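Trainee: My questions will all concern the structure given below.
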Amino acid sequence: MFVKIASGAVMGIDGYVVDVEVDIASGLPGFDIVGLPDSAVKESRERVRAAIRNSGYIFPVKRITVNLAPADTKKSGPAFDLPMAVGILVCTGVITPSCCDGAFFVGELSLDGALRPVNGVLPMVMAAKAQGIRTFFVPAQNAEEAALVGDVDVFPISSITEIAEHFAGKSVKSLDMDLNKFFRSNDNASIYDVDFADVAGQTHVKRALEIAAAGYHNALMIGPPGAGKTMMARRMPTILPDLSMDESMEITKVYSIAGLLDQKSLLMATRPFRTPHHTASYASLTGGGRIPMPGEISLAHNGVLFLDELPEFQKKALETLRQPLEDGQITITRVGGVCTYPSVFLLLTAMNPCPCGYMGTPRCNCSQNEIARYLDKISGPLLDRIDIQVEASPVEYNELTTTKKAPEDSAAIKARVENARARQQQRFQGQPIRFNAKMPASMIKTHCNPGKDARDLLKQVFDTMQLSARAYHKILKIARTIADLADQPDILVEHVAEAISYRGLDRKYW
């Protein structure tokens, strides 16, 4: 007997439907799986055999052939255990063939027949729904994740016995999911236990981070130890606008594939804030493995990637950031396939001015060669892609002890950022971009037209500082964001002057 069961797999961030074709015929007993399975899929034979027997059903002593179509894509993982088992139970008469029409099955089996959760259920269900499938049987732990897609019937299954009894008439209740339960509309500041009000002084650095958040500009903070660079970076999520539902689903798909979803809050409702250690390899940043998995730059999609102690990272690892920063995606080619993951993130970095961190003070004993080697770990092309460069000076005693005026809190800064983002949404309505930082050259000519005084200042700075075309465009985009924060439709000379002030540190240190 032959039966076809719908299942799924993931390639990159997207899922696709896999037809699990099961054929049982007379002949020498055997269990073969074809269709480019990896070792984890091939091991399904033993799991399925033991699970069916230990669930009280008869495993056929016949020639069993399982084909995973399409046969030209590599299949990995244990997600095909359940559809294989269901196909065999259909062929042996335990389950009626018509019960599987228009249904989707995915799940890993334990030897006693219980179902275990698998990664990537969300993109699989989204792909299956796009092909007209509306009924899904998934492990109970993945049920809420699958139900996030909406307008589908999701049945949480805990064992083979439960699914057989469901088709025999002892129906399992489908999951009724309320997306509002998981998508919290409250602002990020109430979720994090930090606030910019905790930061004394550093007004100019906080202003730079506000501009970075408003226009999604990459930023570099450079200063001595203890100046508050890391402290301010960790408060960056509290001033970013709340996630939209579309952004939340994009992030959730990435985390589903990586197996990092929190069962208590399956829908990512806050912007990611990723802080890899400086010992991280280039593969952990970009992603990789035999079957390419998302790395830190993809896990930071629609959020912040914070690299502390920037020169301590491997130079090869830092250089891999250059292409994703420009393209907003990363393509990984491995033996197991070619995957493209989204990587639209705000790069926030911090570093010391020299190996000891106290350059320019009596405490510094670094030689010029040591300082040069330290700073040379940051290449010019990478530095040119960092829009905002700001110096964090040591905080004065009076700033730490004064009680006359409390520092501005995150809520006040966030309100200005959201207002600036609203102007950008209106500006780029119908366009594939959402932020000033992502404007191509053609849009810069349309939306970044400074007045005559501002153009004269730009020309003088361009000739004096010998700016590249990229640096010139970045100044214009930063000036556009500053004007948005000031609720100004036109770019004025003071906006350009402030934007230029964030591009001078490379001349001071490099």
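The values are calculated or read from the model by the stated rules, or taken from the named source; none is laboratory data. Every value quoted in this text rests on a predicted model; they were computed, and no experiment measured them. No Cβ is skipped: glycine too gets one built from the backbone with ideal geometry, and neighbour counts run over all protein chains shown.
Trainee: Spot the failing condition for Asp242; the list is (1) touching a His at 6+ places or on another chain (Cβ under 9 Å); (2) surrounded by fewer than 24 Cβ atoms within 10 Å (Cβ to Cβ), and only one is missed.
Mentor: With respect to (1) touching a His at 6+ places or on another chain (Cβ under 9 Å); (2) surrounded by fewer than 24 Cβ atoms within 10 Å (Cβ to Cβ), Asp242 is out only on (1).
Trainee: Here's another thing I want to ask about it. Give segment 21-78 a look and list any residue that's surrounded by 16 or more Cβ atoms within 10 Å (Cβ to Cβ) and of a type in the set (D, E, K, R), or say none.
Mentor: Glu21, Asp23, Arg45, Arg47, Arg49, Lys62, Lys74, Lys75
Trainee: Are there any helices (runs of 4 or more DSSP H) wholly within segment 93-172 with 2 or more residues that are within 20 Å of Val22 (Cβ to Cβ), and if so which?
Mentor: 121-130, 160-168
Trainee: Of the residues Ile433, Ile491, only one is within 30 Å of Tyr192 (Cα to Cα), part of a loop (DSSP other than H, G, I, E, B), without any contact (Cβ under 8 Å) to a residue 60 or more places away in the chain and touching a helix residue (DSSP H, G or I) at 6+ places or on another chain (Cβ under 8 Å); which?
Mentor: Working: Ile491 fails: within 30 Å of Tyr192 (Cα to Cα).
That would be Ile433, the only listed residue that is within 30 Å of Tyr192 (Cα to Cα), part of a loop (DSSP other than H, G, I, E, B), without any contact (Cβ under 8 Å) to a residue 60 or more places away in the chain and touching a helix residue (DSSP H, G or I) at 6+ places or on another chain (Cβ under 8 Å).
Trainee: Any residue in segment 198-212 that is small (Gly, Ala, Ser) sitting within a Cβ distance under 7 Å of a residue that is surrounded by fewer than 21 Cβ atoms within 10 Å (Cβ to Cβ)? List the pairs, counting only those 6 or more apart or interchain.
Mentor: Ala200/Val395; Ala200/Glu399; Ala200/Leu400; Ala200/Pro407; Gly201/Val395; Gly201/Glu396; Gly201/Glu399
Trainee: For segment 217-270, which residues satisfy the criterion of being hydroxyl-bearing (Ser, Thr, Tyr) and either over 19 Å from the mean Cα position of the chain (by Cα) or part of a helix (DSSP H, G or I) (or both)?
Mentor: Thr230, Thr238, Ser248, Thr252, Tyr255, Ser256
Trainee: For Cys339, state whether it is in the same structural domain as Leu240 (by TED's automatic domain parsing) and free of Cβ contacts under 8 Å to residues at least 60 places away in the same chain.
Mentor: The answer is no for Cys339.
Trainee: From the list Leu348, Leu382, pick out the single residue that is assigned to a helix (DSSP H, G or I) and touching a residue at least 60 places away in the same chain (Cβ under 8 Å).
Mentor: Answer to the check: Leu382.
Trainee: Moving to a separate point now. Filter segment 357-407 down to the residues that are at pLDDT 90 or above and among the acidic types (Asp, Glu), then identify the one that is nearest to Arg503 (Cα to Cα).
Mentor: Among those residues, the one meeting the criterion is Asp387.
Trainee: I've got another one for you. Please find, among Ile291, Ile330, the residue that is within 30 Å of Leu36 (Cα to Cα), at pLDDT 90 or above, in contact with a Ser or Thr (Cβ under 8 Å, 6 or more places away or on another chain) and surrounded by 18 or more Cβ atoms within 10 Å (Cβ to Cβ).
Mentor: Ile330
Trainee: Kindly establish whether Ile413 is out of contact with any Pro (no Cβ under 8 Å at 6 or more places or on another chain), of a type in the set (A, V, I, L, M) and either on the phi > 0 side of the Ramachandran plot or not assigned by TED's automatic domain parsing to the domain that holds Arg507 (or both).
Mentor: yes
Trainee: Then there's this: Restricting to segment 476-510, count the residues that are crowded, with 16+ Cβ neighbours inside 10 Å, of a type in the set (A, V, I, L, M, F, W, C), over 29 Å from the mean Cα position of the chain (by Cα) and over 17 Å from Gly451 (Cβ atoms).
Mentor: 1
Trainee: Now for a different question. May I ask you to list the residues in segment 436-457 that are in a loop (DSSP other than H, G, I, E, B) and crowded, with 18+ Cβ neighbours inside 10 Å?
Mentor: Met439, Cys448, Pro450
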